[in-house]
Each structure stands twice: as C-alpha cells, then as structure tokens.
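All remarks here apply to the structure that follows.
The values are calculated or read from the model by the stated rules, or taken from the named source; none is laboratory data. From a predicted model like this one, the values you see are computed outputs, not experimental measurements. Cβ coordinates were reconstructed from backbone atoms using ideal geometry, including for glycine residues, and neighbour counts include every protein chain displayed. Heavy atoms of the whole protein, side chains included, go into the accessibility calculation; ligands, DNA and RNA do not. Shrake-Rupley method; radii C 1.70, N 1.55, O 1.52, S 1.80 Å.
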Amino acid sequence: MSGKNATEVLLADAQGIARAAAILERGGLVAVPTETVYGLAARADSAEAVARIYAAKGRPDFNPLIVHVRDAAQAAEYAELSEVAKSIAGQEWPGPLTLVLPLREDAGLAPAVSAGLPTLAVRAPAHPVMRALLEQVDFPLAAPSANRSGFISPTNAEHVLASLDGRIDCALDGGPCEKGLESTILAVRHDGSLEELRPGPIDVVALKSRINAELVGSADACMHDGSIESPGQLASHYAPGKPVRLNALAPEAGEFMIGFGEVEGECSLSSSGDLGEAAARLYDCLHQAARSAAPRIAVAPIPDEGVGRAINDRLRRAAA
Ligand code: TXA
Ligand code: MG
C-alpha cells in the first residue's frame, strides 16, 4: 500500500477526514495533525498496519508506540486505569499527556505496538482533526511522530512530506501544530506513584500538585539511573544532521543562529521571550537550520522552567 507512489495530501476538512478514515480502515498509513506534532497513524489492532509504521519510519522494533483513543473509557479497553490514572485522565484529557499504564491481557492490539512491554502508552488528543478521525473509526490509532526515525519531529504537513513522501499513503494537512512539542509522558505505577518519562507541554510538577499522588522521579532521574523505560528517549534523537551549539549568545562563523528573547538570529523562537511560542516554533526553526547552507547551528539559552524544560530536553538531544 505505502510504496513508490507519491503521498496523497488532503485538506483536513470533512471529506479529507472521511477519506483518511477509509484508508486507515484498510490498514493504510495516514499522517494526522495533533496539538503536539503530526502523528503517523495506523490501526493499532492490525499487526500488518503497525508493521508498516515501523517500516515507513525505519524505527527499531524495540521502541513502542503511543495508542491514541477518544477518551478514558476507550483507554480502559486496552489498559488498566487505577484511581490515580482515572483522576489524571479526568483532568488532562483530551490533551498533550500520554499515560503509561499496565497493558490489559485482553487488549487485542498488535503486539508490536507495545514492543513486548507489559505496559501501554495511551493518550486522548485534543486536536479536532485527530478527534474527528477517532470518532469515525472503531479501532484505536497507533501513532508515533510522522518523521523518519531519529530526525526532527514534524509540526506542519510540509515537514511530514520532507521526511516521508512516498512512504505513506496520505497526509491530512491541518496547518501548524499548536504546542509544537511531543506530549508529556507519565508512567503511573501500581502503587499510584508517578514517573515523568518525557517532559512536554504538560508540566508534571504542576500536575502533581493538582492530584493526590507522589512524584517519585523526573525525566532526568530516569536517565541517570540507567533504567531508561522510554527507548525513544535515548540521546541523539531529533538530529538536524549538523553540529548544534547550545547556550550561544551570538553566532560564530558558519553557524545558523536560532535566537530567543534579546538574542537575535536568522530564526527566533520568540523575540518576546515567550516559552509557549518558543515550543511551538522550535522544530520549524530546526528544520530551517537543517535546510540552510550553514554547516553548523547555534541556539540561544532557554530558561529551564515550565515548558522550557521540555525545549531544553529536545535541544540537548539535537546536540548529542
Ligand atoms: O505528542 C506525541 O506524543 C506524539 C503525537 C503524534 O501523539 N507522538 C509521539 O510518538 O511523540 P513517538 O513515537 O515519537 O514517541 C513515543 C515515545 C517513545 O519515546 C516511546 O519509547 C515511548 O513513547 N513509549 C511508548 N510506549 C511506551 C511504554 N509502554 N513505556 C514507556 N515508553 C513508551
Ligand atoms: Mg518521535
């Protein structure tokens, strides 16, 4: 199905969404906008469809996928939702938060989705196009970011095609993504404790203060103790293919400068120093820097607070 032919680009209106649903139904691959980044969706209950995701991305088979659902009730068909998980889902879904929960034995999903782990990553996205698609199909959607494995995540349809044209059946064009960074990933343990596996748009420290549970780890703690549970969180992801110098106050010769606040550049994440705007623009600036003639990239310092933690996490990986 996904082969030599060029990828069909559809406007994400009712007609485009209906056509995308039909492609998914027969096991095809569709790039879909979400509020975080564009996802590469396939039906999660089909081993063949899920295998196509791994093949199109060139993704190693030990790196599991996030399953996208309409709501907590649908999530409960595939994963065990404890009281803590239900309370978090109740507050944050639909939205840019992925929960890692015990996989149900009777989930009936393609085994490759969870790459053999006893857990499942699930998320109910907020983007109207992804939600409309989930309403039209009677299966959940496995969807990693819609880029070749290890490269920069896509925040518009053009980024998707630059990476996957001809390798997927269709891309729904819904304009740029609002958040611009992948979802926060939070594991909910059997004892109700929480572990942040990937920082993202949802601030886990603020979330913790809203719910009755103990935060036992942070993404950094999880990297340091050697027990990396999110295999995709290894260094050297998000690679723009050129050396990246962080915390730069001015460009050196041969550098494409990405600015922030007072620090100017060919591309600025946010000239007013707004971290939400910087998150939304990060990947587009990295795509521009990757495409430019400059052999190297420099990036201004970003405050390590709120969503700035997630921006710095991605920048460290881009520089690794
Ligand atoms: O915002 C997002 O999360 C986007 C949109 C499309 O929803 N998706 C996304 O997927 O970023 P991906 O595949 O690029 O990143 C998923 C991450 C990977 O690091 C993977 O290792 C981790 O989730 N993951 C998946 N299942 C897991 C599990 N059972 N336990 C721990 N980590 C898991
Ligand atoms: Mg990804």
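One residue stands out among those in segment 145-183 that are within 25 Å of A278 (Cα to Cα) and of a type in the set (D, E, K, R): the one that is nearest to ligand 1 (Cβ to nearest atom), which is E182. For segment 11-27, the condition holds for at least one residue, the condition being that it is part of a loop (DSSP other than H, G, I, E, B) and in contact with a Ser or Thr (Cβ under 7 Å, 6 or more places away or on another chain). Inspection of segment 269-289 identifies at least one residue that is closer than 17 Å to T36 by Cβ, in contact with a Ser or Thr (Cβ under 6 Å, 6 or more places away or on another chain) and open to solvent by 70 Å² or more (accessible area, probe 1.4 Å). Restricting attention to segment 271-320, the residues that are in a loop (DSSP other than H, G, I, E, B) and under 17 Å from the mean Cα position of the chain (by Cα) total 1. Scanning segment 91-149 for residues that are among the β-branched types (V, I, T) and touching a helix residue (DSSP H, G or I) at 6+ places or on another chain (Cβ under 7 Å) returns V113, V122, V129, V137. I'm checking my understanding of the structure. Among residues of segment 254-268 that are of a type in the set (D, E) and out of contact with any Lys or Arg (no Cβ under 9 Å at 6 or more places or on another chain), which one is least open to solvent (accessible area, probe 1.4 Å)? Here the residue is E266. For segment 165-213, filtering for residues that are more than 16 Å from ligand 2 (Cβ to nearest atom) and among the β-branched types (V, I, T) leaves 5. Confirm whether Y54 is in contact (Cβ under 8 Å) with a residue 24 or more places away in the chain, open to solvent by 10 Å² or more (accessible area, probe 1.4 Å) and within 16 Å of ligand 2 (Cβ to nearest atom). So Y54 fits the description; yes. Residues in segment 65-75 that are closer than 22 Å to V204 by Cα and open to solvent by less than 50 Å² (accessible area, probe 1.4 Å): L65, I66, V67, H68, V69, A72, A75. Restricting L97, L40, L101, L81 to residues that are open to solvent by 10 Å² or more (accessible area, probe 1.4 Å) and either of a type in the set (A, V, I, L, M) or touching a strand residue (DSSP E or B) at 6+ places or on another chain (Cβ under 6 Å) (or both) narrows the list to L81. For segment 117-135, a tally of residues being farther than 16 Å from P96 by Cα, of a type outside the set (A, V, I, L, M, F, W, C) and touching a residue at least 24 places away in the same chain (Cβ under 8 Å) returns 2.
Of the residues screened, A187 is one that is under 20 Å from the mean Cα position of the chain (by Cα) and under 28 Å from L207 (Cα atoms). A Cβ distance below 6 Å, combined with a sequence gap of six or more or placement on separate chains, defines the contacts here; from segment 136-157, residues that are near ligand 2 (Cβ under 9 Å from one of its atoms) reach residues that are basic (K, R) and open to solvent by less than 10 Å² (accessible area, probe 1.4 Å) in the pairs S149/K57. Of everything listed in (1) over 20 Å from E196 (Cα atoms); (2) at pLDDT below 95; (3) within 10 Å of ligand 1 (Cβ to nearest atom), the single unmet condition for L117 is (1).
Restricting to segment 104-147, and then to whatever is hydroxyl-bearing (S, T, Y) and within 17 Å of the chain's Cα centre (by Cα), can you tell me which residue is least open to solvent (accessible area, probe 1.4 Å)? Per the criteria, the residue is S114. The condition of being at pLDDT 95 or above and crowded, with 24+ Cβ neighbours inside 10 Å holds for only one of V9, V32, that being V32.
Against the definition (at pLDDT below 95, closer than 25 Å to L97 by Cβ, open to solvent by less than 20 Å² (accessible area, probe 1.4 Å) and β-branched (V, I, T)), how does V216 come out, yes or no?
On the way: at pLDDT below 95: yes; closer than 25 Å to L97 by Cβ: yes; open to solvent by less than 20 Å² (accessible area, probe 1.4 Å): no; β-branched (V, I, T): yes.
No; evaluated as a whole, the condition is false for this residue.
Of T36, T98, all but one fail to be within 16 Å of ligand 2 (Cβ to nearest atom) and within 15 Å of V188 (Cβ to Cβ); the exception is T98. Would you mind stating whether A142 is near ligand 1 (Cβ under 10 Å from one of its atoms), out of contact with any Ser or Thr (no Cβ under 6 Å at 6 or more places or on another chain) and at pLDDT 95 or above? Considered against the rule, which asks whether it is near ligand 1 (Cβ under 10 Å from one of its atoms), out of contact with any Ser or Thr (no Cβ under 6 Å at 6 or more places or on another chain) and at pLDDT 95 or above, A142 comes out as yes.
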